[in-house]
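> Pasting a structure here, questions to come.
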Amino acid sequence: MLLVIDVGNTNTVLGLYDEDKLVHDWRIRTEIDHTIDEYGVLIYNLYQTSRMKIAEIKAVSAIIISCVVPPMLNILEPLCVKYFNLKPMIVGPGIKTGMPIYYDNPKEVGADRIVNAVAAYDKYKRDAIIVDFGTATTFDYISPKGEYMGGCIAPGIVISSEALFKRASKLPRVEFSTPKTVITKDTVSAIQAGIMFGYAGLVDGIVERMKAEVKANPMVIATGGLAKIVAPETRSIDKIEDMLTLDGLRIIYNLNKKSC
């Protein structure tokens, strides 16, 4: 079995594949102050809550990691050695992706953005804009030939909301929810409307500009922890792919396993 780990600034997502089938997945908070053993116990407990058999746990034969939080590699790499007796594959410079990367400095592109692009093109075999709703919201364009052409980055919806709550002392924190109207009658609904509809407008605006720039109508794919919340309020998103990053990690592992 293949264990894939996607480390983001806020959350870390793990998936367990049996060949091409995702059999288990988990989402936990990214905590750089946890020790190797704390993460080891946490992962073991995730297995236990999923009612996995010991044989399944021991069946993990390879691990691949995508990480945008460099200090986390100092925890996860030795964890893989200690608890799985495996050296993990790390997505980074020198790894095969099967995708040309047309960026001024390819090393600057976040590993998660490349992994998403690989998975999207592998599944749909066409041009696409990938919107990843994470700590930051990233927009990436993939050409009809399967080339990574670049994109843009916006503050994530959580970051934007936190800034509002911290800087406006009389405004309460609210949960992410979509009110029925834009013109609301109470403060909580007013904030929710501004956050949800405002962010949906940001997404639609950027996607519209990207389509105009490439003079095409690529498929728009949403992924990330908040995709299911924000995407339904947009006009531009065609598909929601929750496990896009995990699938990309599996694909990249298969491209590189012979050279391990």
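> Please find, in a Gaussian network model of the chain (springs between Cα atoms separated by less than 10 Å), the residue of Leu79, Leu171, Leu46 whose mean-square fluctuation is greatest.
Leu171
> Compute, for the chain, the length of the dipole vector about the Cα centre, with Cβ point charges of +1 (Lys, Arg) and -1 (Asp, Glu) only. Units Debye, rounded to 20.
That gives a dipole near 200 debye.
> Helix 157-167 versus the longest principal axis of the chain: what is the Cα-based angle in degrees, 0 to 90, to the nearest 10?
Once rounded, the angle reads 60 degrees.
> Quick check: residue separation of Asn74 and Thr184 times 0.36 nm, minus the Cα distance between them. What number comes out in nm?
34.8 nm
> Using only Cα atoms, find the angle between the long axis of helix 70-84 and the longest principal axis of the chain, and express it within 0 to 90 degrees, rounded to the nearest 10.
Roughly 40 degrees between the two axes.
> How many angstrom lie between the Cα centre of the range 140-213 and the Cα centre of the range 72-99?
Distance between centres, Cα-based: 33 Å.
> Once you put a point 7 Å from the Cα of Asp204 and another 7 Å from the Cα of Ser169, both along the Cβ direction, what distance in nm separates them?
The answer from the label model is 3.7 nm.
> Residues of the range 141-161 with the amide nitrogen closer than 17 Å to a label point 7 Å from the Cα of Glu108, along Cα-to-Cβ, please.
Output list for this probe position: 141, 148-155.
> What are the ³J(HN,Hα) couplings of the range 132-147, residue after residue, when phi is run through the Karplus curve with 6.51, -1.76, 1.60 and θ = phi - 60°? Round to Hz, x for glycine and proline.
10, 8, x, 4, 10, 9, 9, 10, 10, 10, 10, 6, x, 8, x, 9
> In addition: Identify the GluC sites (Glu not before Pro) of the range 197-246 meeting these criteria: DSSP loop state and at most 16 other C-beta atoms within 10 Å of the C-beta.
Hits after loop and neighbour filter: nothing returned.
> Amide H to amide H, which residues 5 or more places from His24 or on other chains are under 5 Å from it, using H placed in the peptide plane?
Leu16
> What is the gain in length, in nm to one decimal, between Glu213 and Asp20 on full extension, counting 0.36 nm per residue of separation less the C-alpha to C-alpha distance?
65.9 nm
> Which angle between 0 and 90 degrees, to the nearest 10, do you get for helix 244-256 versus the longest principal axis of the chain when only C-alpha atoms count?
With rounding to tens, the tilt is 30 degrees.
Only the coordinates and a few stated rules stand behind these numbers; no lab work does. All values reported here derive from a predicted model rather than from experimental measurement. Neighbour counts are summed over all protein chains in view; Cβ atoms, including those assigned to glycine, are modelled from backbone coordinates with ideal geometry.
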